Amino acid sequence: MSTPAPAPGTPAAQAGAGSWTAFVKSIASFNGDLSSLTAPPFILSSQSLTEFSAYWATHPSLLTAPAAEPDPAKRAALVLKWFLSTLKHQYASRSEEYGNEKKPLNPFLGELFLGKWEDEAGETTLVSEQVSHHPPATAYCIRNHKTGIKLEGYNAQKASFKSTIIVKQIGHAVLTIPVGSGENKVDEKYLITLPSLHIEGLLFGAPFVELDGQTYIVSSTGYTSKIKFTGKGWVSGDKNSVTATLFPTGKEDKDKEVLYNMSGQWIKELSLYEGPVKKKSLLEVYDAAKTPQTLLKVAPIDEQHPLESRRAWSKVAEAISKGDMDLTSVEKSKIEQAQRDKRAAERADGTTWERRYFNAVQTKDPVLEELGQAAGVPLDGEADKTGGLWRFDASKAQKAEDQKLDSAEVQSIEKELLGR
């Protein structure tokens, strides 16, 4: 079977049909985790994976809405709505913006991405850090200062090829919502698992993400959301489809126990219903396509910490934007070699890299002890696949915020860790 002609403007068209076909064949014949495969320059994105953490909060008002709801079941429904609202930006925004999905830059250990959103929800801040390189894993924490809501988590990806690229996401997120007041104030917890995905459109040279499988959101107040993803089949079905049910934890097999359900396409419209699927009553329709997102504010590059993603990769990004693939390779190699040299020095000294914002939990994690079984998350959080069970450290964050680097310190970091 011959490979279809590439669509104009896609990476296949930019590279030429021969180069694209060779790339697809290299994937098909590659053994092991595809994330370790060096991507050809024509499919490289100038964006690092550390930036992807920001997609959790493109709508801060939806993230914080549950804090104002007194009823725990309705709060759980609002958490479900927020989670589904994040999917379009997490998994489809790059294809829509650039015409296709490209391979993001692999972050180096210690890479950072910092920013904030400011809107009617107040100030919401983001910290994203590459906490492990072998295996690669990114940890993040998003905090809204007005409500006290906090989302923290970590994730890694394991990619393989079986007629298409299949990506298993490893890790989880924990949403904390302060509820009540005074002596009755408590922190409500939600344990969130991550969907699997695969890449469609490879043969046509216009790759895009499709989600599959199922995920769970389990609350400490006794409610669970089960979310199922499907795509367009050969005969029927719609692209990017999702169905979700919310029920008392432990009663997912009983349709009459369903309190809320949502369905639709996560790139377009999602309908929220009250009651079981067979006796549902429409509450609202959320339009993922038309709801504007709040833009993330990031410091100018010359004001960023030298390990912040856009500053660290700036020369690589500039080379990619110019289409200069030789320069792209040279600049990438400088960072990669500096990182290899640093790891070698650490091994020789018997030291380890100090994470700036996160710690690997060395004892039992209370959230996983309470909610892990219902969500299908092991007590160790699959730490062996992510370099640790990572949790945000507020004291470290304060120390990092207070730190001021002089020009000599900046130059030293850039020379030692970025090869400049």
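Things to note:
- Charging the Cβ of each Asp and Glu at -1 and of each Lys and Arg at +1, and nothing else, the dipole of the chain about its Cα centre rounds to 860 debye.
- Ligands, DNA and RNA excluded, the heavy atoms of residue 179 present near 20 Å² of accessible surface to a 1.4 Å solvent probe.
- Order of exposure, largest accessible area first, which applies to 75, 311 with probe 1.4 Å: 311, 75
- Distance from the range 148-185 to the range 259-295 (C-alpha centre basis), Å: 21
- Residue 161 contributes an accessible area of around 60 Å² to the protein surface, as traced by a 1.4 Å probe with all chains present.
- Straight-line cross-link reach from residue 102 at under 18 Å between alpha-carbon atoms covers these lysines, not counting any fewer than eight positions away in the same chain: 25, 88, 158, 168, 322, 332.
- Estimated at the nearest 10 Å², the accessible area of residue 322 is 140 Å² with a 1.4 Å probe.
- For the chain, complete DSSP H runs whose alpha carbons reach 24 Å or more along their own long axis and whose mean Kyte-Doolittle score is -0.5 or higher are 72-91.
- Prolate/oblate/rounded label for the range 134-287 (Cα gyration tensor, a/c 1.5): oblate
- Pair residue 255, residue 340: separation of 7 Å Cα→Cβ label points (nm): 5.9
- Under a Gaussian network description of the chain, with springs only between Cα atoms under 10 Å, the residue in 395, 271, 225 that fluctuates furthest is 395.
- Cβ-based charge dipole, the chain, positive-most Cα from 199, 48, 225: 199
- Residue ranges 209-220, 293-304 sort as 209-220, 293-304 when ordered by packing (mean number of other C-beta atoms within 10 Å per residue, highest first).
- Taking only protein heavy atoms and a 1.4 Å probe, the accessible area of the range 245-398 is 50% carbon and sulfur.
- Farthest positive-ward along the range 267-314 dipole, Cα basis, beta-carbon charges - from 270, 298, 281: 281
- Residue among 57, 91, 386 farthest towards the positive dipole end of the chain, charges placed on Cβ: 91
- Scanning residues 5 or more positions from residue 291 or on other chains, none has an amide H under 5 Å from its amide H, with H placed 1.01 Å from N in the peptide plane.
- Flagged links, alpha-carbon separation over 29 Å, of 103/297; 185/297; 150/239: 185/297; 150/239
- Compared with the direct C-alpha span, the chain from residue 282 to residue 146 gains 45.9 nm at full extension, assuming 0.36 nm per residue.
- Three-way shape label, the chain, alpha-carbon gyration tensor, a/c 1.5: oblate
- Counting only aspartates and glutamates at least 8 places from residue 81 when in the same chain, those with an alpha carbon closer than 16 Å to its own are 69, 71, 269, 274, 284, 287.
- The alpha-carbon of residue 279 sits under 19 angstrom from the alpha-carbons of these lysines, leaving out residues fewer than 8 places away in its chain: 74, 226, 251, 254, 256.
The values are calculated or read from the model by the stated rules, or taken from the named source; none is laboratory data. Keep in mind that this is a model prediction, so the values were computed, not measured. Cβ atoms come from the backbone with ideal geometry, glycine included; neighbour counts cover every protein chain shown. Heavy atoms of the whole protein, side chains included, go into the accessibility calculation; ligands, DNA and RNA do not. Shrake-Rupley method; radii C 1.70, N 1.55, O 1.52, S 1.80 Å.
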